[in-house]
Amino acid sequence: MENPDVLLDRREPAGLSRLKLLLALSRTPHLLLDLATPAVAALFWLQAFPPAHVVILGLITAFAGYTTVYALNDLVDLRTDREKLRQGGFQGTENYLDAAIVRHPMAQGLLSFREGVLWAAGWAGVCLTCAYLLNPVCILFFLAGAVLEVVYCLLWRISPFRTLMSGAVKTCGAVAAVYAVDPNPSFPYVLTLFAWLFFWEIGGQNIPNDWAELEEDTRFNAKTVLVRFGPQWAAMITFACLSVAVFIHMILPFSATRHVPLTYISASVLVGIYLLLLPSFRLLRTKDRSDALTLFRKSSYYPLSLLITLAITIII
């Protein structure tokens, strides 16, 4: 294993490699999948494709917002990530989606803190500008997501209920997308949408992600759900949250004011069973790290799969 202290002093050459490291800071492979979440939220509400300029502006806004928030996570957690690295952490996650390029490049010394701040600040400016052009209300959701992300990071050694912050962060982009295409959406729809994505994020993303750094979190006495309650309870909470998420998505059409095709509802249930319930049930039986990361990966494709399914049903 390469010496962690050597990693902290390592630097990559300039040019394209620097851009690649900055993209790694914002976990861009995962981020690109996340873009489907606000898209499916807006498309589900409209049951039609918005104008082209709204689509383009919305994609830029979502990309900039997620880029900022993911980078913000590593900026706030920099000292903690460096401590983990010095203790030989970040091992055994070769198939981990968030490590597809380079995992925690600032902590590994591949990017400076200044570069990370400039990267996050630049994209925050892009997000704020585009959000204002879509609907000024969207700015509030971006700021709320950023603040909640900081609070989430700061609660690492304080409370396992930090996972609630994570659930709320992931819903901000989706709710903002609805207001971007309709300034007066149905409140029951927004509330149901929030609940659906809230439980999906906790069960399919946040808690399974804890398995990726279980040893490090245990060593540093982190208050994650997995460390605080143990693998059995963590797996049970995961399965329960995803079961609730699949159920809420089934009733989401009842909160919408437009007709939702039955074919989409049926297909979405199958998607939920395959990408969420089956892998979470396997994790419930095994409590194994590899199964947790498999659930994390499959769950990451859940919004994209629903987006494709919804787009097909609208087209036909």
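The values are calculated or read from the model by the stated rules, or taken from the named source; none is laboratory data. Nothing here was measured: the structure is a model prediction, and the numbers come from that model. Counting neighbours? That spans all protein chains shown, and the Cβs are built from the backbone with ideal geometry, glycine included. Just the protein is used for accessible areas: all its heavy atoms, side chains included, with ligands, DNA and RNA removed. Shrake-Rupley method; radii C 1.70, N 1.55, O 1.52, S 1.80 Å.
Want the number for ARG114 to VAL137: 0.36 nm per residue separation, take away the alpha-carbon distance, what's left?
Details: separation 23, 0.36 × 23 = 8.28 nm, distance 3.01 nm.
Going from the current span to full extension adds 5.3 nm.
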Length released on extending from LEU32 to ALA240, taking residue separation times 0.36 nm less the Cα-Cα span: 72.2 nm
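Calculated FRET efficiency, VAL269 and VAL126, Cβ-Cβ r, R0 45 Å, to nearest 0.05? Don't jump to the answer; show the numbers that get you there.
Numbers: r = 37 Å, r/R0 = 0.82.
Computed FRET efficiency for VAL269 and VAL126 comes out at 0.75.
Using helices alone, what [θ] at 222 nm do you get for the chain, with -39,500 (n - 2.57) per DSSP H run of 4 or more residues, divided over all residues and rounded to the nearest 500?
So the helix-based figure for the chain works out to -23500 deg cm²/dmol.
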Relative contact order (%) - criterion: Cα under 8 Å, at least six apart; region: the chain: 22
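Tell me the per residue accessible area of the chain using a 1.4 Å probe; a whole number in Å² is fine.
Details: 13790 Å² over 316 residues.
For the chain, the per-residue accessible area is 44 Å².
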Under 16 Å from LYS84, Cα to Cα: lysines that are on another chain or at least 8 residues apart: LYS223
Segment 176-265 - percent of accessible surface contributed by carbon and sulfur, probe 1.4 Å: 70
Residue with peak Gaussian network fluctuation, the chain [Cα springs, cutoff 10 Å], from PRO51, PRO29, PRO136: PRO51
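I'd like the carbon and sulfur percentage of the solvent accessible area for segment 96-151, probe radius 1.4 Å, heavy atoms only, ligands and nucleic acids excluded. If you can, show how the numbers build up before the last one.
Details: 1840 of 2390 Å².
C and S atoms contribute 77 percent here.
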Ratio Rg/Rh, restricted to the chain and using Cα atoms, in which Rh is the Kirkwood radius: 0.96
Between segment 187-242 and segment 24-87, the alpha-carbon center distance in angstrom: 19
Nearby lysines by direct alpha-carbon distance to LYS298 (threshold 21 angstrom, same-chain neighbours under 8 apart not counted): LYS170, LYS287
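Take the alpha carbon gyration tensor of segment 85-214, find the square roots of its eigenvalues, order them as a ≥ b ≥ c, and report rounded if a/c is under 1.5; if not, report prolate when a/b exceeds b/c, else oblate.
On the way: a/c = 2.35, a/b = 1.45, b/c = 1.62.
It is oblate, given that a/c is not under 1.5 and a/b is not larger than b/c.
Under Stokes-Einstein, with the Kirkwood radius over Cα pairs standing in for Rh, what whole-number D in µm²/s applies to segment 205-316 at 37 °C and 0.692 mPa s?
Details: Rh = 15.1 Å.
After rounding, the answer is 218 µm²/s.
Please work out the FRET efficiency for the pair SER186 and ILE101, using the Cβ-Cβ distance as r and a Förster radius of 45 Å; give the result to the nearest 0.05.
On the way: r = 39 Å, r/R0 = 0.88.
With a Förster radius of 45 Å, E is 0.70.
Computed FRET efficiency, Cβ-Cβ of LEU19 and HIS259, R0 41 Å: what is it to the nearest 0.05?
On the way: r = 45 Å, r/R0 = 1.09.
Working from the Cβ atoms, E equals 0.40.
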